[in-house]
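In what follows, a single structure is set out as structure tokens and then discussed.
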Amino acid sequence: MEIPLETHLHQLPADEVVKLLDSDSKTGLELFEIQARQERFGPNAIPVRRGRGPLLTFLLQFHQPLIYILVAAGGITAALHEWIDAGVIFAVVLVNAIIGFLQESKAAKALEALAKMTVTEASVLRSGEVHKIPSVELVPGDIVVLQSGDKIPADLRLFRCRDLQVDESTLTGESVPVQKNPEPLPAVTPLAERCNLVYSSTLVTFGQGRGVVFATGGKTEVGRISEMVSTADIMQTPLTRKIARFSHLLLIVILVLAGITFGVGVLRGESAFDMFMAAVAFAVGAIPEGLPAAVTITLAIGVGRMARRRAIIRKLPAVETLGSTTTICSDKTGTLTVNQMTVREIYSAGRRYQVTGSGYDPDGHIKANADAGDAADNASVKECLQAGLLCNDSTLVQKEGRWSVNGDPTEGALLVSALKTGLDERQVAQQWPRLDSIPFESQHQYMATLHNRGAGSSRLVYVKGAVEVILSKCKSALDPRGHTVALDAAAIHADLEEMASEGLRVLAFAKGEMPAEATAIGHSDIANLTFLGLQGMIDPPRPEAIQAVRACHNAGIRVKMITGDHPVTARSIAKKLGLDGAASDAARSPLVMTSHDLAEKSDQELIDIADRVAVFARATPEQKLRIVRALQANGHVVAMTGDGVNDAPALKQADIGVAMGVGGTEVAKESADMILTDDNFATIEAAVEEGRGVFDNLTKFIVWTLPTNLGEGLVILAAVFAGVTLPLLPVQILWINMTTAVLLGLMLAFEPKELDIMRRPPRDPKTPILDGMLIVRICIVGLILLIGAFGSFEWALGQGFSDAAARTVAVNVFVMVELFYLFNCRSLTKSMFALGLFSNRWIAIGVTSMVALQLAFTYVPFMNHMFHSAPIGWDAWWRILLTGVAAYVIIGTEKWFRRLWTPHRNVRLADNP
Ligand code: ATP
């Protein structure tokens, strides 16, 4: 088979294209043909061009202001024949670049791996059966079945369409969906107007269709222009950008101060060389160079933790935003509930029946209520069950003795209830073969099928869906003997309310007729129906969702249910989930708001009321967008779940769009910031918890690292202004910064979440990272470092220590204070003892390694040579240790006072936010 790319496929009739590709539009490729084609055409994956290669990533590590300063300093030091210092400076530059490169590659790889976890799937017809396979396995000639919400997996020539509309904006930039049509087109038709072709990576926004694959992987349109889709800079978030801006500003201030240091010293008559070294020491010390890397690493660790808890982050900023979430709007079915439906009650012709049995096991009975008589004698019940069986796209499967559903669980439950009356699925399907169908879409809330009743007879239509919708289309009803009678809508509604108030999800069933020659069915044909009955199914709340809702309330996060289901059912489920507590003043406001109420409210009215509503029922996807906007207008940071194609705008509008990994459409996943691999509400709560943890750890790192820079800057400034020997040399400052950042500071990224993390109110994203309290703490530690290092340096000189030994004392004071202060930083408010001494084993590893390195720095001759250090004795060590302990005690006391003054930080929030 030759792929006829050069033949303009859009000109040819569809069946000719299928033939050219050696395929069959009715059965697809045979399974045994697939492997040969896969070997020949390779995987259907677009070769992703990385934003930058490893070499560039490495070289870019040198593209930092700090490195420029270091390289200049190294160059000048070398010019002055200070070879060792120059060597150390260049070695530090290199080591810094290597560490930066390794860390960046590791973080990027972790994120890439996460991206790969979300596999795109395609429905493909092979050997006469529709299979769901990963899109990478598609080959030319495969017949792909498309429906709304799908991402098109390869370039296809369509041969069947039903209202198929495709959003091709990824390819053409045109955001209005294009209507597709399989008819051949003139040769000159430009790419964007070839309505009989669909292109890989575009999205089906409406309808259904079938097409044959003619190009895969790099051969597809999008593959050919893949430079356009090279990976964006995935490592950036608002916070990293804020920190980058802060670092640049700081750099300018530091350079100016370094210039002043140099000028003041020289004017005092110091040697230009000494003052140059002092200025370099000042600059190197004061720049928080480890900060951007630490932020990226902490975020990456957070992303990994979230993935382990089944939340895949698609956009890095979401990690930050999650921690600030104030409202979660969640779908009901499958997210808050288990999505395992079992029909429990049937209502038909004024009578109620109970259904026994559990799960999808078709073993059970339909029992009549005392006054209802036998179900077998009731023609309308039988037809109601038959409608559920025929107007159905799912199948039941039994694996290892367990029954499960292939397809929609709601429909699975209807199969089970039909089988419980002894209806034979195959026999019924043969007796009334299906000619056409209108699949269920949440915006229409019903599904319909058209059946052949035999030559000459009118066609039979079965419809099932939301009760109000079906009833509005019914003109009559069936009585128990199968006769058509007048419709008593009021009685049906009364029964519906009763069933729904027990939390049952209720579907209505009806039948209609079409002329004998009809072969297709459209929405306009759904009218003048005869009502058959109601079936009510249970879908219990997920136990873990009940706990997660409680956890959210404790964390000051409101949970709102947005569902397509009936308001009474939704209210009952909301009660079981404890959601009514979310509407703090439930008594004053409606707990449940319906689509109808929503439509009547102006935007401003919705803003006024949105906070108080706990359940939005029968809400359309379009209304989700209004709800998100109204909540955001009230200052909320909103996480919104969605699975359907129409949810995409709301997912994009939400601060955190959450898509369902199992039941969600590709369109929803594309628009989301986060994907739940288990579709479970509890996972959102877990991700919020991790998001808060990440932010906590970032703040801890910043609060830990900045005092070092402040202290080093102050020590140098003080020495120059006082005209005394520098207590720290540039290489020593480099040593302190490099080793402590990696061995001490970074360990905070592994700090477990604090126990009360979900008992605090959400962080306002507008507040600065450091509040006044933390800035004061940073200044206190900076001063301790200044006094401790300067004081012990002067003491050592006074004791007759050499300059090198005195500086070794000063360096050790810095490291020891940072080491003890690290324990203070394990929590911003609590004492280390409250956290558990050994809850972060990385700290123990880091601290032990740091002590070993300091001993080497002090006693190993080679290190003495490199870093101008010298051995010191016990008299110095106990002072060093004491300064460290003093720093811990001072900050511990400061935290203790803060706890007394601001007790709210530790107080558990009330259950009702
Ligand atoms: P969620 O709560 O997650 O929004 P939902 O299942 O309650 O999900 P939809 O899927 O939009 O919401 O369903 C809305 C209504 O449409 C249901 O209450 C039911 O009456 C009806 N319905 C659901 N599934 C089907 C189906 N397969 N065929 C016909 N009607 C359906």
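The values are calculated or read from the model by the stated rules, or taken from the named source; none is laboratory data. Note that the structure is predicted; figures quoted are calculated from it, not measured. A quick note on method: Cβ atoms are made from the backbone with ideal geometry, for glycine too, and the neighbour counts reach across all protein chains shown. Surface areas here come from the heavy atoms of the whole protein model, side chains and all, with no ligands, DNA or RNA. Shrake-Rupley method; radii C 1.70, N 1.55, O 1.52, S 1.80 Å.
Looking at the stretch 37-57, is at least one residue in a helix (DSSP H, G or I), among the aliphatic types (A, V, I, L, M) and modelled with pLDDT of 85 or more? No, the stretch 37-57 contains no residue that is in a helix (DSSP H, G or I), among the aliphatic types (A, V, I, L, M) and modelled with pLDDT of 85 or more.
Scanning the stretch 124-155 for residues that are free of Cβ contacts under 8 Å to residues at least 60 places away in the same chain and within 16 Å of Val166 (Cβ to Cβ) yields a single hit, Ile152. Ser175 falls short on exactly one of the conditions (1) without any contact (Cβ under 8 Å) to a residue 12 or more places away in the chain; (2) assigned to a strand (DSSP E or B), and that condition is (2).
(1) open to solvent by less than 10 Å² (accessible area, probe 1.4 Å); (2) touching a residue at least 40 places away in the same chain (Cβ under 8 Å): which one isn't true of Ala307, the others all being true? Answer for Ala307: the failing condition is (1).
With respect to the conditions (1) exposed (fewer than 15 other Cβ atoms within 10 Å of the Cβ); (2) under 23 Å from Leu698 (Cα atoms), Gly892 lacks only one, and its number is (1). If you filter the stretch 121-172 down to residues that are in a helix (DSSP H, G or I) and under 23 Å from Gly663 (Cα atoms), you find that the one that is modelled with the highest pLDDT is Glu137.
Checking each residue in the stretch 765-782 for being open to solvent by less than 70 Å² (accessible area, probe 1.4 Å) and not in a helix (DSSP H, G or I) picks out Pro765, Thr767, Ile769, Leu770, Asp771. Screening Val628, Val645, Val658 for residues that are touching a Gly at 6+ places or on another chain (Cβ under 6 Å), under 30 Å from Val568 (Cβ atoms) and either open to solvent by 10 Å² or more (accessible area, probe 1.4 Å) or within 16 Å of the ligand (Cβ to nearest atom) (or both) leaves exactly one candidate, Val645. Within the stretch 730-739, being out of contact with any Phe, Trp or Tyr (no Cβ under 8 Å at 6 or more places or on another chain) and buried (at least 22 other Cβ atoms within 10 Å of the Cβ) holds for Pro730, Ile733, Leu734, Asn737. Highlighted here are the strands (runs of 3 or more DSSP E) found entirely within the stretch 492-585 that include at least 2 residues which are open to solvent by 30 Å² or more (accessible area, probe 1.4 Å) and within 15 Å of the ligand (Cβ to nearest atom): 505-514.
Pick from Thr333, Thr296: which is open to solvent by 10 Å² or more (accessible area, probe 1.4 Å) and either in contact with a His (Cβ under 9 Å, 6 or more places away or on another chain) or within 16 Å of the ligand (Cβ to nearest atom) (or both)? Unique residue meeting the criteria: Thr333. Take the conditions in a loop (DSSP other than H, G, I, E, B) and either of a type in the set (Gly, Ala, Ser) or modelled with pLDDT under 80 (or both) and apply them to Gly100. Does it pass? No, not satisfied. In the set Glu320, Glu400, which member is touching a residue at least 60 places away in the same chain (Cβ under 8 Å) and either acidic (Asp, Glu) or away from the ligand (no atom under 16 Å from the Cβ) (or both)? Glu320 is the lone residue from the list that is touching a residue at least 60 places away in the same chain (Cβ under 8 Å) and either acidic (Asp, Glu) or away from the ligand (no atom under 16 Å from the Cβ) (or both).
Restricting attention to the stretch 322-332, does a residue exist that is of a type outside the set (Phe, Trp, Tyr) and more than 40 Å from the chain's Cα centre (by Cα)? For the stretch 322-332, residues of a type outside the set (Phe, Trp, Tyr) and more than 40 Å from the chain's Cα centre (by Cα): absent. Checking each residue in the stretch 829-876 for being touching a residue at least 24 places away in the same chain (Cβ under 8 Å) and of a type in the set (Phe, Trp, Tyr) picks out Trp842, Phe857, Phe867.
Of all the listed residues (Gly217, Gly211, Gly265), the sole one being on the phi > 0 side of the Ramachandran plot, crowded, with 17+ Cβ neighbours inside 10 Å and at pLDDT 75 or above is Gly217. Which of the residues belonging to the stretch 655-667 are under 12 Å from the mean Cα position of the chain (by Cα) and touching a residue at least 24 places away in the same chain (Cβ under 8 Å)? Within the stretch 655-667, Asp655, Ile656, Val658, Met660, Gly661 qualify. Considered as a group, the residues in the stretch 590-644 that are closer than 25 Å to Ala672 by Cβ and among the hydroxyl-bearing types (Ser, Thr, Tyr) include one that is farthest from the chain's Cα centre (by Cα), and that residue is Ser595. For the stretch 437-474, a residue qualifies if it is of a type in the set (S, T, N, Q) and either within 12 Å of the ligand (Cβ to nearest atom) or in the same structural domain as Val645 (by TED's automatic domain parsing) (or both), and the qualifying residues are Ser437, Ser442, Gln443, Gln445, Thr449.
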